[in-house]
Amino acid sequence: MTEAEIIDFAREAVVLSIKVSAPIMIIGLVVGVAIALVQALTQIQEMTLAFVPKIIATFAGIFLLFPTMMKILGAFMEKIADKIVNIG
């Protein structure tokens, strides 16, 4: 395996981790902004009001998107395993 191939795998791994984590981060961002807007409009400054909906939305997003994440990660793992097998 050459240095270029290793760098390509590392680059692909970083891009893949961003692709897998981005939907969950976006869900947390949207819920956080919505809660902040509600808090600003109603002037309710309760910390648990910000955390609980974000946690619930994040877990729901993970639960719903987990099969897709596993397909993406599984395909990448198969690519790496094939590369390892072809070395020997």
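Just so it is clear, none of the values below were taken in a lab; they were calculated from the coordinates. Everything numeric in this text was worked out from a predicted model, so none of it was measured. Using ideal geometry, Cβ is built from the backbone for each residue, glycine included, and neighbour counts are taken over all protein chains shown.
Between helix 47-87 and the chain there is an angle of about 10 degrees, using the helix long axis and the longest principal axis of the Cα atoms.
Give me log10 I(q)/I(0) at q = 0.10, 0.14, 0.26 Å⁻¹ for the chain, Debye formula, one equal scatterer per alpha-carbon, no solvent. Summing over Cα pairs of the chain leads to -0.43, -0.65, -1.20. Each Cα pair under 8 Å and six or more residues apart adds its sequence gap; the mean of these over the residue count of the chain is a relative contact order of 36 percent. In the chain, the DSSP-assigned H stretches of four residues or longer account for a calculated mean residue ellipticity at 222 nm of -34000 deg cm²/dmol, using -39500 (n - 2.57) per stretch and the full residue count as denominator. Dipole of the chain (Lys/Arg Cβ +1, Asp/Glu Cβ -1, origin at the Cα centre): which of LEU73, ALA22, LEU41 lies farthest to the positive side? The residue sitting most towards the positive pole is LEU41.
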